[in-house]
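Beneath this line is the structure, given in structure tokens, with notes to follow.
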Amino acid sequence: MSGRWWMVPIGVLALAACEEGAPHFASPAGDAGGPPVVDAGRPDVGPDAAVAPDRLSRAVGRMTVEQLARSIPVVTGGLRWMEDFGNGPVDMLQVLAPTLGAPDYLLVTEENLEPGLIIAKFLQDASHRICARWVERDRAAPPEERTLVHHEDWDSLEPADVDRTLRALMLRFHARRVPEDDDAALEPLRALFVNASSTAPPERAARDGWLAVCIAMMTDPEFILY
Amino acid sequence: MRTRSPTPRRRLAAALALWAASLAGTAAADEACEAPVEVDRFRLLRQLSLDLRGRVPSEAELRALAADIEAGAVDESLSARVDEMIAGEEFSALIRRHHLDLLWPNIDGLQLVDPAFALLLPARLYQYDGVGDPDRLFILYVGLTQRGGLVPCKDEPAEWDEEGNLVFEAYPDGTRREGWVKVEPYWAPGTEVKVCALEAQMRPIADNGAPCDTAQGMFTGSCGCGPDLERCLSIDAALVLIPQFREQILRAIERVVIERRPYTDIFFDDEEDLNGPLVHYYRHLAPMAVDPIVQVPPVPVDALPDRPFTDLTWSRHPRGPEEHAGILTSMSYLLRFQTARARANRFYTAFLCAPFEAPPGGLPSPDDPCSDEPDLRERCGCNACHARLEPAAAHWGRFAEAGTMYLDPEQFPPFVARCAECARSPGADCDFICRRFYVTEIGHPDEAPFAGVLKSYQWRDEAELANLEAGPEKLVRAAIEDGRLAQCVVRKLFERLYHREMTDEERARDLPALAREFHDGGYDWAALVKRLVTMPGYRRMIR
């Protein structure tokens, strides 16, 4: 500690005066005061219950490109948006990251997390490629290894089978838990599945149905916003 | 327990309205977006997972939560899940991303070695005439000084005469070219690369008598790259090396957080992480780095471990000078922010939430006489920032600008007479040390007293000199003592987790208590994360 021995007694004095010279933080009321509160006995109020606007709240935000890259494989059972332009497979999210606003901390130091048209376009493209592969892979997999369809007969169009899978996908994609006795919540996606499957050739009915559902769920703002 | 959710149609409509509002910004949409809602536990788990682990929760995790709800164990399970996420490896996603956004550690555009005399380039990248193997490696200055032009060797095996001298072939363009040899490079042992024979030399002393492990020696182009090409950097090696600097600074922070040490340790740690690429750089390449100037690495060369370039495992090693201050004097930070002012500015912005901003109304005209003032503390307009920035920048005064070299007071005293003489001699050619580190250009009468003074000492008063001698740690300790650091750390984390800045009311009402908790809790950053995500406000979402 050459040349700085004089800092030792000063440091000791500083520590001794810690009580007096300690950082001054006022003690206000509000959410930050008191012990942390985690659902203290309050029943699950369900999604999106209204609350008073004057309490501390969190704003909705968009996933970063990095979060998207890590989340798509979780939802699809390991699939990424990979393309091969002749020089081996490339991760398109990595390729497109600068275009999507991911920071390089040189020219771009802050990621624009507005849910704008560029990210919407990207998700549109990504969903078409990923969902098509997911459908084919899932259909070829044994039931115990499937991650998309949850019923035994993959090509089943039975409403009960479709609803079961739709419930699972809503939980998987959007963390929306739809109770067994709530069929109304599934109606838009069910209608989409039926429309897509009924207009497809019979041998592709289920595949087109699930493809449409997958694309709809991946491009839904519920997926990328949180 | 049955839960009621808005119908899918209303939810989709709301989502579409949110999307449309973000694009169109209509008044009606604004009104709908301001009403906060409380997310249910599944959405809360999704938020937590994205924030703390950087990904959505798996279906299995969501089903496990459903099972816990059925079992009536939700309160404990969510808190336990937060603890589990914080204790898990994926928590690094938050630690790293947060600090990438604070520190901007990108040095990709920098020349870690001088491209003229230490960068091995494939022939195809420079004046390639389309003849021969485009991948054979050469160095620009070797071509210039030894071959007569910025050209590589010919694409034939090298030959030596009976006396062991390289054989050159004369070319019509006036150059002379030798052949290549195959070398097993340090960056790819077990393989061979085709290197021009002059570049593959292992001479210890250059033609000018300087050692070949110095810039002065290598600059002659007569040295060669040494055993296994250790004195030079190839593009392949650079692609491995450059990311290590970012990794080094991130590891320094990650370790402190994961070990639940005081967050302030990231500024006081006197050790740093090294792996094979960094050891090689410190030992062989840094001593030749002139622009940016490194020369003396943070861990002294004689204290470096014996690690091959290909060894990517990390180990901790003590740094040299006491004036080091954790990440604030790391290679990454000093190279990214190349002036003392930039280093201070980044610290103020990232850790004190006090960026330096131009005064309202802008700066006076440069033609205004008051703009002629050489001392920025006094110059009109500039003084709005520089009155604070100069004392802050002084803390980095012993670390070279445009580089990382620590300016040892014994080698770089505050005043050098020969530099002063040179400064006062119009037309004199001052030596490199004087030009680079000392005041030798007097552009204003007020600067005259500083002729021959170490540049970082110019204009300094007694208080700033004390800052300079103490280093950045002094600045950090002051910010700890007056609470600014704690408050800013809380604010920055709040902004990340709540997707917005604190309002004035929240800064007055909530911030002091959170900062106090952070301070009283020993600056446990992970605990602060848990605190912020377990507050009821985290579950209330403004839509």
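The values are calculated or read from the model by the stated rules, or taken from the named source; none is laboratory data. Remember, it's a predicted structure, so these values are computed and weren't measured experimentally. A quick note on method: Cβ atoms are made from the backbone with ideal geometry, for glycine too, and the neighbour counts reach across all protein chains shown. Each accessible area value is taken on the protein alone, full model and side chains, heavy atoms only, with ligands, DNA and RNA left out. Shrake-Rupley method; radii C 1.70, N 1.55, O 1.52, S 1.80 Å.
Per residue of A:171-184, count partner chain C-beta atoms within 10 Å of its C-beta, then hand back the mean as an integer. Intermediate values should be presented prior to the final figure.
Values: counts 8, 7, 3, 6, 17, 8, 11, 3, 5, 1, 1, 6, 0, 4.
Counting other chains' Cβ atoms within 10 Å and averaging over A:171-184 gives 6.
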Per the helix-only model, chain B has a calculated mean residue ellipticity at 222 nm (DSSP H runs of ≥4, -39500 (n - 2.57) each, divided over all residues, rounded to the nearest 500) of -12000 deg cm²/dmol
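Compute the FRET efficiency between residue A:195 and residue A:113 as 1/(1 + (r/R0)^6), taking r as their Cβ-Cβ distance and R0 = 35 Å, and round to the nearest 0.05. All intermediate terms of the calculation are to be shown ahead of the outcome.
Working: r = 33 Å, r/R0 = 0.95.
With R0 = 35 Å, the Cβ-Cβ based efficiency is 0.55.
Of all GluC sites (Glu not before Pro) in region B:394-437, which ones are in loop regions per DSSP and have a Cβ with at most 16 other Cβ atoms within 10 Å? Write out the running numbers ahead of the final one.
On the way: sites: B:401, B:410, B:421; in loops: B:401, B:410.
Hits after loop and neighbour filter: B:410.
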Residue farthest toward the positive end of the dipole of the protein assembly as shown, with Cβ of Lys/Arg at +1 and Asp/Glu at -1: which of B:442, A:68, B:470?
A:68
Mind giving me the FRET efficiency for residue B:368 and residue B:108? R0 is 51 Å, r the Cβ-Cβ distance, nearest 0.05 is fine.
0.85
Let me know the charge dipole size of region B:454-543 about its Cα centre in debye, to the nearest 20, where only the beta-carbon of Lys, Arg (+1) and Asp, Glu (-1) is charged.
660 debye
The distance between the Cα centres of region A:184-203 and region A:107-127, in whole Å, is 29 Å
When the Kirkwood radius is taken over all Cα pairs of region B:111-177, what Stokes-Einstein diffusion coefficient follows at 20 °C and 1.002 mPa s, in µm²/s?
170 µm²/s
For a test of the definition: using alpha carbon positions, the gyration tensor, and the 1.5 limit on a/c, classify region B:30-188 as rounded, prolate or oblate.
prolate
With a/c under 1.5 counting as rounded, go ahead and sort the protein assembly as shown into rounded, prolate or oblate using the C-alpha gyration tensor (a ≥ b ≥ c being the square roots of the eigenvalues; past the cut-off, prolate if a/b is larger than b/c, else oblate).
oblate
Hey, got the dipole for the protein assembly as shown? About the Cα centre, +1 on K and R Cβ, -1 on D and E Cβ, debye to the nearest 20?
1540 debye
Per residue convex hull volume, Cα only, region B:388-543, in Å³ is 176 Å³
Relative contact order of region B:294-355 (C-alpha contacts under 8 Å, at least 6 apart) in percent is 24 percent
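Given contacts defined as C-alpha pairs under 8 Å and at least six residues apart, what's the relative contact order of region B:166-291, whole-number percent?
Details: 146 pairs, mean separation 23.1, N = 126.
Result for region B:166-291 is 18 percent.
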Using alpha carbon centers only, region B:116-194 is separated from region B:323-397 by a whole-angstrom value of 46 Å
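Give the calculated FRET efficiency between residue B:501 and residue B:481 to the nearest 0.05, with a Förster radius of 30 Å applied to their Cβ-Cβ distance.
On the way: r = 25 Å, r/R0 = 0.84.
About 0.75, to the nearest 0.05.
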For residue B:70 paired with residue B:171, estimate the spin-label separation in nm (one decimal), with each label point 7 Å from Cα along the Cα-to-Cβ line.
7.7 nm
May I ask you to compute the full-extension gain from residue B:156 to residue B:375, defined as 0.36 nm times their residue separation minus their alpha-carbon distance, rounded to one decimal in nm?
72.8 nm
What spacing in nm lies between the two simple spin-label points modelled at residue B:216 and residue B:339, each 7 Å away from Cα in the Cβ direction?
3.1 nm
Based only on Cα atoms, what mean projected area does the convex hull of chain B have, in nm²?
34.9 nm²
Under 5 Å from the placed amide H of residue B:197, counting only residues 5+ away or on other chains, we find B:179, B:180, B:181
Would you mind counting up the charge near residue B:501? Only other residues with Cβ under 15 Å from its Cβ, with Lys and Arg at +1 and Asp and Glu at -1.
0
Can you sort B:151, B:296 by 1.4 Å-probe accessible area, starting with the largest?
B:296, B:151
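What does the structure give for B:532-538 when I average, per residue, the other chain Cβ atoms found within 10 Å of the residue Cβ? Show your work: numbers first, answer last.
Working: counts 3, 3, 5, 8, 11, 9, 5.
The per-residue average across the peptide is 6.
Residue by residue through B:56-68, how many Cβ atoms from other chains fall within 10 Å of the Cβ on average? Numbers along the way, then the final one.
Working: counts 15, 5, 5, 11, 1, 2, 6, 4, 0, 3, 2, 0, 0.
Mean shielding by partner chains, rounded to a whole number: 4.
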Extending each Cα 7 Å along its Cβ direction at residue B:388 and residue B:446, get the distance between those two points in nm, one decimal.
2.2 nm
For residue B:169, enumerate residues with amide H under 5 Å from its amide H, sequence gap 5+ or separate chain, H modeled in the peptide plane.
B:177, B:178
Which of rounded, prolate, oblate describes region B:229-379, given a ≥ b ≥ c as roots of the alpha-carbon gyration tensor eigenvalues and a/c under 1.5 marking rounded, otherwise prolate only if a/b is larger than b/c?
prolate
Region B:458-524 and region B:399-441: distance between their alpha carbon centers, rounded to Å
35 Å
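Determine the relative contact order of chain B: mean sequence separation of Cα pairs under 8 Å and six or more apart, normalised by residue count, in whole percent.
Working: 828 pairs, mean separation 68.7, N = 543.
About 13 percent, as a whole number.
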Can you list residues whose amide H is under 5 Å from residue B:290's amide H, if they're 5+ apart or on another chain and H is modeled 1.01 Å from N?
B:114
Which of the chymotrypsin sites (Phe, Trp or Tyr not before Pro) found in region A:63-167 are loop residues per DSSP with 14 or fewer other Cβ atoms within 10 Å of their Cβ?
A:85
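With a cap of 10 neighbouring Cβ atoms within 10 Å, and only residues DSSP puts in a loop, list the GluC sites (Glu not before Pro) found in region B:217-305. Numbers along the way, then the final one.
Working: sites: B:230, B:247, B:254, B:259, B:271, B:272; in loops: B:230, B:259.
Of the GluC sites (Glu not before Pro), the ones in loops of region B:217-305 whose Cβ has at most 10 other Cβ atoms within 10 Å are B:259.
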Residue by residue, what Karplus-based ³J(HN,Hα) values in Hz, rounded to whole numbers, does region B:500-517 have, using 6.51, -1.76 and 1.60 with θ = phi - 60° and x for Gly and Pro?
6, 7, 5, 6, 4, 5, 5, 5, 7, 8, 9, 4, x, 5, 5, 5, 5, 4
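Per 0.36 nm of contour for each residue apart, how much would the distance between residue B:466 and residue B:205 grow if the chain were fully extended, relative to their Cα-Cα spacing?
Length gained between residue B:466 and residue B:205: 89.7 nm.
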